[in-house]
Amino acid sequence: MEELKTNSMKPTRPLRYAVGMFGTSIPVNMFKTYAAFFYVDRLGLITTPQYSLILFLYTFLDAIDNPVYGFLSDRTRTKWGRRRPWLLIGAPLLVLCFILFFNPPAFLTPGSAFSYVLIMYMLTGTLDSLINVNYGALFPELFPTEASRAKTNAMRQVFQFVAMIISIALTPIITDAIGFVTTAYIYGALAIVVIWFMASGCHENPQAMEQPKPELFKTILDIASNPKFWIYGATNAAYYGGLALVQSGVAFYTKYHLGVGGMGSTILLGVVILSAIAFIPVWVKIMKKITLMKAWRLALAVCALGVLPLYFVRSLPLAAVCVVVFGFAMGGVSVTMDIVGARILDEDRIKNGIPREGTYSSLIGILNKASGLVTSLAFLLVFQLYGFESGENPGAAPDAAARFLMVLFPVVVFAVCVVISRFLKFRQDGEKTEG
């Protein structure tokens, strides 16, 4: 079966699509990175076991909502395309819930806040899934060649890291100055403007609109029987779980281990992100030199090596030097991971003759969001092993708890990534194809 022809498709400028990564990233980065610190440490409205439970429950919601969003997107037929209507409608809904999450009612108490935090976490998370399923599904369709994908993906990763500089690294300083609520309003407004700008300039393939609509159960069966889907998804889930722990653990690490405040978090996260941006061109060259799959595996391996030294350092300057290596690895994963996923989507489209990037992206998203189980387990262990309950009751060894959260557990998770990734192979790299 031949691939969809693209000669009748109006080209989309790589920059126009890539900038969308800034809009999709800026609210969710603040949401995922500072949710625990905001409610557990800053406000003390919930405990670490309660936050662990929220992450655990949300993982199962994602197992339901992602395939629904992907399937509906693949079956959508409008004059505006399949993906764009969902992006245009979903953006303001996501921002609304994001703002409400960081603006809890004043009457909430530690005994009554759990339900509110759970509901708003669920709503914000599921709308983030809606946006990302449709944004991710556009990528292989708009850019059908590996060369165009490498160029576009490098650009959008730069925008993602710029968003991370603002919404992760600078957020402690910004929230100290203007508060979490005002910060959420600003980030939310930026997200809507950028997502709408991106969506209005993306030109979907008209031939995809003429293809048969995918059937839900056949699609899920085809995807579930593809071993590449499981290997890639499991690797992603482990990676994003480790990354989420590093990001959310920084605030605890700098406070309880290094003994510095929000500025310390900003410095460490800023160094990581700036390093990742700086090394993106290096990884593009590495990928061309040693092939895509080897570059992907190398980046995953360096992630584990880059985090480990943080366990031993005691000063902020030394920690900043150490995280450069992690930033290098993070840049490599960002450059390679989405292109690996696009290869799997290409194989499915060629084999079955139906473009169903939305469902594929959503089901991969389920496995990605299974990273919530990783982070949930880590927070639960922090409580069980070290007695860290909240900022009001950090237990007898908050230093050890912080290093476990940000260093020890992520190192193990990244090592698992490397092992799993070894089982995914493509003929493009001269390797025997599995599946």
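The values are calculated or read from the model by the stated rules, or taken from the named source; none is laboratory data. Bear in mind the structure is a predicted one, so any value in this text is a computation, not a measurement. Positions of Cβ are generated from backbone atoms using ideal geometry, with glycine treated the same way; all protein chains shown enter the neighbour counts.
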Discussion item. So, restricting to helices (runs of 4 or more DSSP H) that lie completely within the range 226-313, which ones have at least 2 residues that are without any contact (Cβ under 8 Å) to a residue 60 or more places away in the chain?
Written reply: 262-290, 292-307
Worksheet, complete the sentence: When GLY270 is run through (1) closer than 21 Å to VAL412 by Cβ; (2) within 20 Å of the chain's Cα centre (by Cα), the failure sits at (1)
Discussion item. With in contact with a helix residue (DSSP H, G or I) (Cβ under 8 Å, 6 or more places away or on another chain), without any contact (Cβ under 8 Å) to a residue 60 or more places away in the chain and of a type in the set (Gly, Ala, Ser) as the only criterion, which of GLY358, GLY365, GLY327 stands out?
Written reply: GLY327
Discussion item. Can you pull out every residue in the range 331-361 that is under 16 Å from the mean Cα position of the chain (by Cα), of a type in the set (S, T, N, Q) and farther than 22 Å from ARG427 by Cβ?
Written reply: SER334, SER361
Practice prompt. Go through the residues of the range 368-391 one by one and say whether even a single one is within 27 Å of THR76 (Cα to Cα) and assigned to a helix (DSSP H, G or I).
Written response: yes
Worksheet item: When you go through LEU94, LEU142, LEU87 one by one, which is the residue that is closer than 28 Å to ILE280 by Cα, at pLDDT 85 or above, among the hydrophobic types (A, V, I, L, M, F, W, C) and in contact with an Asp or Glu (Cβ under 8 Å, 6 or more places away or on another chain)?
Response: LEU142
Worksheet entry | Single residue of the range 24-71 satisfying the filter (among the polar types (S, T, N, Q) and at pLDDT below 90) that is nearest to ILE165 (Cα to Cα) | THR33
Discussion item. With the requirement that a residue be polar (S, T, N, Q), surrounded by fewer than 20 Cβ atoms within 10 Å (Cβ to Cβ) and either part of a helix (DSSP H, G or I) or in contact with a Cys (Cβ under 7 Å, 6 or more places away or on another chain) (or both), what does the range 84-139 give you?
Written reply: SER115
Worksheet entry | Which numbered condition ILE89 fails, given (1) under 30 Å from VAL271 (Cα atoms); (2) over 20 Å from the mean Cα position of the chain (by Cα) | (1)
